[in-house]
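**Student:** Have a look at the structure that comes next, please.
Read-outs: derived from the displayed coordinates by stated rules, not from any lab. Treat the numbers as computed from the prediction; the structure is a model and nothing was measured. Note that we place each Cβ from the backbone using ideal geometry, even for glycine, and neighbour counts take in every protein chain shown.
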Protein chains: 2
Amino acid sequence: MLTIIKGTIVSAPALGRLDATPNGYLVAENGVIQGVFPTLPERYAGAPVEDWGDDLVLQSFADLHLHGAQYPMLGTGMDLPLLDWLNAYAFPTEARFADPDYARAIYRRLARELIENGTTRVCMFSSLHTDATLILMEELEKAGVTGYVGKVNMDRNAAPGVLEETTEDSERATLRWLEASRDLRLVKPMLTPRFTPSCTDGLMAFLGRLAAERDLPVQSHLSENDREIEWVRQLHPDCSQYWETYAKFGLWNGRTVMAHCVWSDERERAAMKEAGVTAVHCPDSNVNVCSGTAPVRAMLDEGLKVALGSDIAGGDHLSMFDVTASAIRASKVRRMTDPARPAFLTVPEGWYLATSAGAAFFGEAPGFAAGNPLHAIVLSDDELPQPHPLTPQERLERAVYLRQKGAVRAVWSAGRKVFSAEG
Amino acid sequence: MLTIIKGTIVSAPALGRLDATPNGYLVAENGVIQGVFPTLPERYAGAPVEDWGDDLVLQSFADLHLHGAQYPMLGTGMDLPLLDWLNAYAFPTEARFADPDYARAIYRRLARELIENGTTRVCMFSSLHTDATLILMEELEKAGVTGYVGKVNMDRNAAPGVLEETTEDSERATLRWLEASRDLRLVKPMLTPRFTPSCTDGLMAFLGRLAAERDLPVQSHLSENDREIEWVRQLHPDCSQYWETYAKFGLWNGRTVMAHCVWSDERERAAMKEAGVTAVHCPDSNVNVCSGTAPVRAMLDEGLKVALGSDIAGGDHLSMFDVTASAIRASKVRRMTDPARPAFLTVPEGWYLATSAGAAFFGEAPGFAAGNPLHAIVLSDDELPQPHPLTPQERLERAVYLRQKGAVRAVWSAGRKVFSAEG
């Protein structure tokens, strides 16, 4: 099976670099990218070409941190800092997912919206509900979103009567969820201790063993907010830093994704680098709940793996175009407020973080590298003013800044075309 | 002539307060608001009612600082600090407006986009070109945008061969522009020295005299960026602060609008308060070109007049929904980085700044006060997920955060209906 997409092809093969091939051809065989070609190679002559004219053909996004069960509150409840925000808004919202019908309706819409916004890979938190988590995974798979989803584990400091589980419940539910999600092909389970304050030592140890035994990836939160960090310190006086509360239970390795890392200092960052942990920068949420701005430039300079997350609904933007712009803005705030005056993120850097860097967690090489599964979007900017000719790079910059509903015209995910604006 | 609009009416009658009247009636006679009523008063019985069901009926926006001539570069050129950005991007873009046909096409689109986004009052910079400025004013008036536009004066430190005028040219052009714009009804001229570094003392003195003789309002930039402030200090060693370079030429009074004021300290702010100058906070632009975050909370506490500006194209959002969210975000950054830990802006406060506070410059009382000209929009949020019932205030918060193309369904400006999504 051959897929040939023609258009202005732009990709991020390295941090800070954008390759552009106007009137180029992106070719995939059986869903696997063969390459980008300025002219169609002889061997494909006569094959059907999907011609998108001057539209941009881009890598699709990887959103490495978002809470599916907070989607219903998107764009509301922005007036509290993290811990109060959790109790006042996030927990009650997640509690609604005890109802499978509610979950089905909400998650179907979320899955569709992800695809329509060009996001085809995720690491996502569900809620603590096993059934709703399975429904989320089904709906994502059906829509064409690939990646990992986690049933949330939280057996302490939860919301009594609203959202809570015992250690035993949590363990049993986790095993049932792993069993029941076995047959899914594109969406796989990821162990998800909510964050250290939400999980007893017993539960953390259980999850660590499970991760090792079944070779499962792990996602959680790290060093987001000062009060949270202080709380972790009180809960684990034996650990000198937050990351150690994960590491000591075997939840800290190359398959671990840690959201935020706003306050991760040099030592914590070194621990991330050494273990191969991926830091997920969530710029919108970090500002909305007043956590801070993460030291992204330092992380990049030090060679850490860094990707981006929308972190809805602490974040208010599901579109990774917006999240990319927000990451650039956050880096400018960091530049203006950090005495070290770190360089801000350029658009090519932001774009790399939103696409290639996230895709790396799923084993892909950066850009439209041969051998990658085909993940791509077609982006039209016809409806924007066209006062003078722009380079492909300038068009990409504009697409990042100017959110355009409906501009994503087609989406391929894991080799398959999953969306086309024509229907 | 009677206008009766029915819907969920929300307005900002005071800083931090939102009044909501579900199933209410907003009534205007001959374009002048009579009031908001929970039930239709007897005297209007039988009059035709425009029924928008559950849609929100809101005040329209006032955008108190934007550059019409930078609209073509919206969303591009975000990689340089202010002064370099001016030379590399803004000046060459503005230079294109020497061509009246180009100006006509661009400004027509801009005017339409302002209305479609619910902005009905502006204080806007044009470029230095007289003809293009007149075209801009015509197109705004035709579309239904009201307010002030300024031909930009800039007789020094401009872009040689690209964008420059002599003092004499500038003065002559200004007089011609004032003469030619006489017959416009809704869009009036506003004197616009670009900023102190762009204007010789002679030109500033000329503009000050003109402002006094013809009772004209004035707009310019103030204390946006550290290098700019240092430059002003060198140019005017006699002035101890930036604002004095305007004040000494008679360009500093209750009809003056000053954009940015990022670095205005207590003394400069006191001078604004005393003179009744309006500070225009432009949060997007201040981050995009790395200027800083303005001390908005301090300004409000001190009783200054503060409104919001999109400042396109240093700002990347024309929609004031976005600008409101950006102002809230900027205030959270300020909270996180200012040792005084000022309170961030709430949504009701942000909404007030984007509507009532800006409208005050045009002589309106806050909210849908009786006696104000009718400026209003209808906002539909039907296309957003509706997982559980929201209060009118929560719906407004969500509208601020979740940009929704096409959600503005109808617009009234200066008493007249100027847009309806049905055509």
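**Student:** Which distances, in nm and shortest first, link the A:G31 label point to the same label point in every other copy, taking 7 Å along Cα→Cβ?
**Tutor:** 6.2
**Student:** Looking only at other chains, what is the average number of their beta-carbon atoms within 10 angstrom of each beta-carbon in A:72-82?
**Tutor:** For this peptide, the per-residue mean of nearby foreign Cβ atoms is 6.
**Student:** From other protein chains only, count the Cβ atoms within 10 Å of every residue's Cβ in B:374-386, then give the mean.
**Tutor:** Mean shielding by partner chains, rounded to a whole number: 1.
**Student:** Still on this structure, please answer the following. Over segment B:293-418, what is the relative contact order in whole percent, taking alpha-carbon pairs under 8 Å and six or more residues apart?
**Tutor:** On the way: 134 pairs, mean separation 29.3, N = 126.
Result for segment B:293-418 is 23 percent.
**Student:** Taking the label point as lying 7 angstrom from Cα along the Cα-to-Cβ axis, what are the distances from B:E302 to the corresponding position in the remaining copies, in ascending order and in nanometres?
**Tutor:** For B:E302, the inter-copy label distances come out at 3.9 nm.
**Student:** Working from Cα positions, state the angle (0 to 90°, nearest 10) between the long axis of helix B:100-116 and the longest principal axis of chain B.
**Tutor:** On a 0 to 90 degree scale, this one is about 40.
**Student:** Could you work out the mean count of beta carbons from other protein chains within 10 Å of each residue's beta carbon in B:390-401? The partial results should precede the final answer.
**Tutor:** Values: counts 2, 1, 0, 1, 4, 2, 1, 6, 7, 1, 4, 11.
Average per residue, whole number: 3.
**Student:** With the Cα gyration tensor of segment A:187-261 in hand, give its eigenvalues times 5 under a square root as the equivalent ellipsoid semi-axes, listed largest first in whole angstrom.
**Tutor:** Each semi-axis is the square root of five times an eigenvalue, giving 20, 13, 10 Å.
**Student:** For chain A, how many pairs of lysine residues have a Cα-Cα distance under 14 Å, where the two are 8 or more positions apart or belong to different chains?
**Tutor:** Values: A:K142/A:K188; A:K142/A:K417; A:K151/A:K188; A:K273/A:K305.
Value for chain A: 4.
**Student:** Let me ask another. Above 45 Å lies some portion of the pair distances; for the protein assembly as shown, what is it as a whole percent of all C-alpha pairs?
**Tutor:** Considering the protein assembly as shown, 28 percent of its Cα-Cα pairs are separated by more than 45 Å.
**Student:** Here's another thing I want to ask about it. Please list 3J(HN,Hα) in residue order for segment B:222-238, calculated via the Karplus relation 6.51 cos²θ - 1.76 cosθ + 1.60 where θ = phi - 60°; whole Hz, with x for glycine and proline.
**Tutor:** 9, 6, 8, 9, 4, 5, 4, 5, 5, 4, 4, 4, 5, 6, 10, x, 6
**Student:** Let me ask you something else. Using the Cα atoms of segment B:313-411, I'd like the radius of gyration and the largest Cα-Cα distance, Dmax, both in angstrom.
**Tutor:** 15.2, 44
**Student:** Suppose every K and R has +1 on its Cβ and every D and E has -1 on its Cβ; what is the size of the dipole of segment A:73-127 about the Cα centre, in Debye to the nearest 20?
**Tutor:** So the magnitude is around 300 debye.
**Student:** In addition: As a check on your grasp of the helix formula, calculate [θ] at 222 nm for chain A: sum -39500 (n - 2.57) over DSSP H runs of n ≥ 4, divide by the residue count, round to the nearest 500.
**Tutor:** When only DSSP H runs of four or more count, the value is -10000 deg cm²/dmol.
**Student:** Among B:S420, B:V10, B:P283, whose Cα lies farthest out toward the positive end of the dipole of chain B, if unit charges sit on the beta carbon of Lys, Arg (+1) and Asp, Glu (-1)?
**Tutor:** In chain B, that residue is B:V10.
**Student:** Here's another thing I want to ask about it. For the protein assembly as shown, build the charge dipole from Cβ charges (+1 Lys, Arg; -1 Asp, Glu) around the Cα centre, then report which of A:L345, A:N157, A:G358 sits farthest towards its positive end.
**Tutor:** A:G358
**Student:** May I ask for the equivalent-ellipsoid semi-axes of segment A:1-152, computed as the square root of five times each C-alpha gyration tensor eigenvalue and listed largest first in whole Å? Working shown, then result.
**Tutor:** Numbers: eigenvalues 306, 62, 28 Å².
For segment A:1-152, the semi-axes come out at 39, 18, 12 Å.
**Student:** Check B:L64: other-chain or 5+ apart residues with amide H under 5 Å from its amide H, H built from backbone geometry?
**Tutor:** The answer is B:C123, B:L308, B:G309, B:S310.
**Student:** Kirkwood Rh, Cα Rg: Rg to Rh for chain B?
**Tutor:** 0.97
**Student:** Moving on to the next point. With θ taken as phi - 60° and the coefficients 6.51, -1.76 and 1.60, list the Karplus ³J(HN,Hα) couplings across segment A:145-150 in order, rounded to whole Hz; mark glycine and proline as x.
**Tutor:** 7, 10, x, 10, 10, x
**Student:** I would also like to ask the following. Would you calculate the volume per residue, in Å³, of the smallest convex hull containing every Cα atom of segment A:243-320?
**Tutor:** Here the figure is 91 Å³ per residue.
**Student:** To test your reading of the geometry: what angle, between 0 and 90 degrees and rounded to tens, separates the Cα axis of helix B:167-180 from the longest principal axis of chain B?
**Tutor:** Relative to chain B, helix B:167-180 is tipped by roughly 30 degrees.
**Student:** Dipole magnitude of chain B about its Cα centre, charges +1 at Lys/Arg Cβ and -1 at Asp/Glu Cβ only, in debye to the nearest 20?
**Tutor:** I would put it at about 520 debye.
**Student:** While we're looking at this one, here's another question. Taking amide H positions as placed in the peptide plane 1.01 Å from N, state which residues far from A:I33 in sequence (5 or more) or on other chains have amide H under 5 Å from it.
**Tutor:** Amide H neighbours of A:I33: A:G371, A:N372, A:L374.
**Student:** If you place +1 on the Cβ of every Lys and Arg, -1 on the Cβ of every Asp and Glu, and leave all else neutral, what size is the dipole of segment B:327-401 about its Cα centre, to the nearest 20 Debye?
**Tutor:** Numbers: 7 positive and 8 negative charges, 89 e Å.
Charge dipole of segment B:327-401: 420 debye, to the nearest 20.
**Student:** Could you work out, for segment A:370-423, what percent of all Cα-Cα pairs fall into each 10 Å distance bin, beginning at 0 Å and stopping at the bin that holds the largest distance?
**Tutor:** All Cα pairs, binned at 10 Å, distribute as 21, 43, 30, 5 percent.
**Student:** Relative to the other copies, what are the label-point distances for A:R17, with labels 7 Å from Cα along the C-beta vector, expressed in nm at one decimal and sorted shortest first?
**Tutor:** So the label point of A:R17 gives 6.1 nm to the other copies.
**Student:** Mind listing the phi-derived Karplus ³J(HN,Hα) values for segment A:62-73, rounded to whole Hz, using 6.51, -1.76 and 1.60 with θ = phi - 60°, and x for any glycine or proline?
**Tutor:** Listing the rounded values in order: 10, 9, 8, 7, 7, 10, x, 6, 9, 3, x, 9 Hz.
**Student:** Can you list the residues, at least 5 places off or on another chain, whose amide H is less than 5 Å from the amide H of B:G315, using H built in the peptide plane?
**Tutor:** It is B:S285, by chain and number.
**Student:** Which of the peptides A:136-145, B:109-118 is most tightly packed, and how do the rest follow, going by the mean number of other Cβ atoms within 10 Å of each residue?
**Tutor:** The peptides rank, most packed first, as A:136-145, B:109-118.
**Student:** Just need the relative contact order of segment B:61-354 here, percent rounded to a whole number, with Cα pairs under 8 Å and 6+ apart. Don't jump to the answer; show the numbers that get you there.
**Tutor:** On the way: 614 pairs, mean separation 54.4, N = 294.
With pairs under 8 Å counted, the relative contact order is 19 percent.
**Student:** Another one. Once you keep just the Cα pairs under 8 angstrom separated by 6 or more residues, what percentage relative contact order results for segment A:160-305?
**Tutor:** So the answer I get is 19 percent.
**Student:** Roughly how tilted is helix B:392-401, in degrees to the nearest 10 and between 0 and 90, from the longest Cα axis of chain B?
**Tutor:** 40
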